[in-house]
Structures are given as C-alpha cells and as structure tokens.
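Have a look at the structure below, then the notes.
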Amino acid sequence: INDGIINAEGGAVILHTAAAKEIVDNLILNNGIIAANSFGRDQEGRIVLYAQGVNGSYKQGSSATINDGYITTTGQNEGEQGGSIEMLADHVMLAGGSLIDSSGDAGGGDIKVGGDYLGTGDTPTALTSYVDQDALILNDAITNGDGGRTIIWSDDTTRYHGSIYARGGALGGNGGFTETSGKINMLADGYVD
C-alpha cells in the first residue's frame with residue numbers, strides 16, 4: 001500500500017506482490033504518488049504494479065491492483081517522450097481518484113492496464129479491468145510528436161467509463177492508439193480523444 005510519494009526520475013518503480021499457496025488474496029493499492037518521469041531524451045521512466053496470482057501464475061481470481069492516486073512517467077522537457085506504465089493483476093481497477101500520465105514533449109508513452117494489445121505478447125492478462133468515470137489517462141504529445149499507446153484489456157470483462165487523451169503535439173504529430181477491450185464482455189461508455 002502506497003499512501004506517500006515514490007519518485008525515481010529517469011528510472012524504474014516496480015511494485016510486485018505474489019500470493020503464496022496459503023494466501024487467498026493479494027493486493028497492490030496506490031493512494032499516493034508514484035513518479036518515474038523521463039530524465040533527458042534517452043532515460044524514459046518505467047512503472048510496473050503487478051499483483052501476481054497463486055503459485056506464481058496469474059488468472060487465478062485472487063490478485064488485485066488498484067490505483068486511486070497519481071502515476072506518472074512524463075517527459076516534460078524538450079525532446080523527451082513519455083515512459084511506460086503497466087498495471088497488472090487478475091483484477092485491475094483505476095478508481096475515481098486516478099490520474100495516469102505518460103505524456104511527453106516529443107511523444108506519448110506506453111500504458112498497459114490489464115494486458116497488451118488484444119491480450120497478446122508476454123504481458124500477463126487480467127480477468128477483469130475497471131476504469132471509473134472519474135479516472136483520467138493522459139498520453140499526449142505536448143509539442144511535436146505522436147500521442148502514445150494505451151491499452152485497457154481483460155480476458156473476461158472490461159468496464160471502461162473514464163477518459164483517455166492520446167493527442168498529437170500542438171505543433172505537429174498524429175493522435176495515438178487506444179484499445180479498450182474485453183475478450184468476453186465489454187462495457188465502454190467513456191471518452192477517448
């Protein structure tokens with residue numbers, strides 16, 4: 001549980017918990033601030049919040065990662081890009097107090113909530129993903145560049161009610177890529193720009 005401030009400028013923050021066989025539930029909860037903002041053009045920040053399931057696997061229905069605070073890997077200085085953010089568990093939630101920001105001067109970053117594109121690749125996938133209506137995800141290019149890549153995924157049910165911004169830069173660039181998908185069930189009445 002993080003209720004304070006974790007700051008690793010240009011570095012990485014990894015919060016990981018793994019359930020032992022005799023433990024039914026495990027949880028990562030962020031109510032505070034986690035920042036790993038870019039430091040220069042070649043040092044993009046990385047944040048991983050991963051509540052792993054029983055016996056080292058996932059998709060056991062036993063783990064949860066919940067954010068109700070600020071998570072940032074921004075690149076605000078000239079030429080910097082946003083970093084990467086991963087929120088992974090059996091059940092992933094962005095509660096109403098969530099602000100996820102991977103915007104960068106020269107391009108947005110890479111945000112994964114519950115898995116990667118269409119649930120593919122090596123990124124562990126969630127059973128359920130939930131994004132509250134007051135949750136905000138920013139993945140913009142600020143000055144000149146393309147918006148970033150944002151994925152909200154689950155193998156079962158995704159409920160997306162929040163807001164995602166992945167816009168091109170003010171002086172040029174294209175919008176980014178956003179996916180909100182549930183392999184079996186999908187409820188999406190949120191906003192994407």
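The GluC sites (Glu not before Pro) found in segment 55-135 that occupy coil by DSSP, while having at most 14 further C-beta atoms within 10 Å, are Glu78. In segment 111-193, the ratio of gyration radius to Kirkwood radius, Rg to Rh, stands at 1.02 when only Cα atoms are counted.
One decimal place: the segment Ala188-Asn7 gains 61.9 nm when fully extended, by the rule 0.36 nm per residue minus the C-alpha distance.
For segment 32-136, what does the alpha-carbon gyration tensor say about shape, rounded, prolate or oblate, given a ≥ b ≥ c as the root eigenvalues, a/c under 1.5 as rounded, and a/b over b/c as prolate? Verdict is prolate for segment 32-136. Maximal additional length on extending the Asp122-Asn77 stretch stands at 13.1 nm, based on 0.36 nm per residue less the C-alpha distance.
When the square roots of the Cα gyration tensor eigenvalues are ordered a ≥ b ≥ c, the ratio a/c for segment 104-148 is 1.5 or more and a/b does not exceed b/c, which makes its shape oblate.
When the convex hull of the Cα atoms of segment 84-123 is projected onto a plane and the area is averaged over all directions, what value comes out in nm²?
Projected area, direction-averaged: 3.6 nm².
Computed with a 1.4 Å probe over protein heavy atoms only, the accessible surface of segment 93-134 comes to 33 Å² per residue. What number does the chain give for Rg over Rh if you use C-alpha atoms and the Kirkwood radius? Expressed as Rg/Rh, it is 0.97.
The values are calculated or read from the model by the stated rules, or taken from the named source; none is laboratory data. All values derive from a computational prediction rather than experimental measurement. When we count neighbours, we look across all protein chains shown, and the Cβ atoms used for this are built from the backbone with ideal geometry, even at glycine. Surface accessibility is based on the protein's heavy atoms, side chains included, excluding ligands, DNA and RNA. Shrake-Rupley method; radii C 1.70, N 1.55, O 1.52, S 1.80 Å.
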